[in-house]
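Report on one structure; see the data block that follows.
The values are calculated or read from the model by the stated rules, or taken from the named source; none is laboratory data. Model, not experiment: these values are computed from the prediction. Positions of Cβ are generated from backbone atoms using ideal geometry, with glycine treated the same way; all protein chains shown enter the neighbour counts. When the accessible area is computed, the model is the full protein with side chains, heavy atoms only, and any ligands, DNA or RNA have been set aside. Shrake-Rupley method; radii C 1.70, N 1.55, O 1.52, S 1.80 Å.
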Amino acid sequence: MKAVFKTDRGRVRPHNEDNGGIFETQNNLLLAVVADGMGGHRAGDVASEMAVKQLQELWEQSSLEIHPEEAEKWLTEAIQKVNNHIFVHASKNEECQGMGTTMVAAVCSDSFATVANIGDSRCYIFNELGFSQFTEDHTLVNELVRSGHISRQDAEHHPRKNVILRALGTEEHVIVDVKTITFEQGDCLLLCSDGLSNKVSDVELKQILESEQRLEEKAEQLINLANENGGEDNITIVIVKNDEEAIRNGESS
């Protein structure tokens, strides 16, 4: 398994409200996380940092067997705990009231990837079937597209594009989408905040992922492209590749 994590403030925002990381266990499972804090002065950066830190702690305390069903159960329960942790903290600290964060997280093995998401941080899959978005955005505009009220083309420039319908920490209980996909040799996952997906097209994402560059170079190129296209938001990326060759060639996993 080969993975890279990168985050960038972008060109406009005064500070970075995104967070994320890559965390491994002794049984060759990997957890990848991206969180995009919401609230600005209402401590969006606190929410995303809390979310990633607590999920990491729960991961390090876990003893998962390598089964998709157990990964789905763990992600669902862990994210509920994270949600409660942020919600309670916000209710007890006036400066944090109203804060929240999106999250996309993936538990990856050499045979499957289980992905959970809430909000509009995304997971894409690139495999022999091509490149596609694996998660569903929890946004007002996406609901309008799903219901047939607007087209996907209209959604790109809709004035309420950034309205999030689900987030961690804003309510006592949260609904998390969790699903599993086969993760074969050579397959690649891209997890990202909307600072990337709003600025780089699917065609460009695919072109960079399928290039011969190292994962670190691909991530750097994606961030640079998002900044070249405006960089109005923070940009955070995790790329995970199921690649035994990377380990045999001495690259770190």
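If we only count helices (runs of 4 or more DSSP H) wholly inside the range 123-204, which ones have 3 or more residues that are buried (at least 17 other Cβ atoms within 10 Å of the Cβ) and at pLDDT 85 or above? In the range 123-204, the matching helices (runs of 4 or more DSSP H) lie at 194-197. Kindly evaluate Asn16 against the criterion of being part of a loop (DSSP other than H, G, I, E, B), open to solvent by less than 60 Å² (accessible area, probe 1.4 Å) and in contact with a Gly (Cβ under 9 Å, 6 or more places away or on another chain). Considered against the rule, which asks whether it is part of a loop (DSSP other than H, G, I, E, B), open to solvent by less than 60 Å² (accessible area, probe 1.4 Å) and in contact with a Gly (Cβ under 9 Å, 6 or more places away or on another chain), Asn16 comes out as yes. Of all the residues in the range 205-239, those that are outside any helix (DSSP H, G or I) and either surrounded by fewer than 19 Cβ atoms within 10 Å (Cβ to Cβ) or not hydroxyl-bearing (Ser, Thr, Tyr) (or both) number 15. Of all the listed residues (Glu72, Glu24, Glu49, Glu57), the sole one being open to solvent by 10 Å² or more (accessible area, probe 1.4 Å) and under 14 Å from the mean Cα position of the chain (by Cα) is Glu49.
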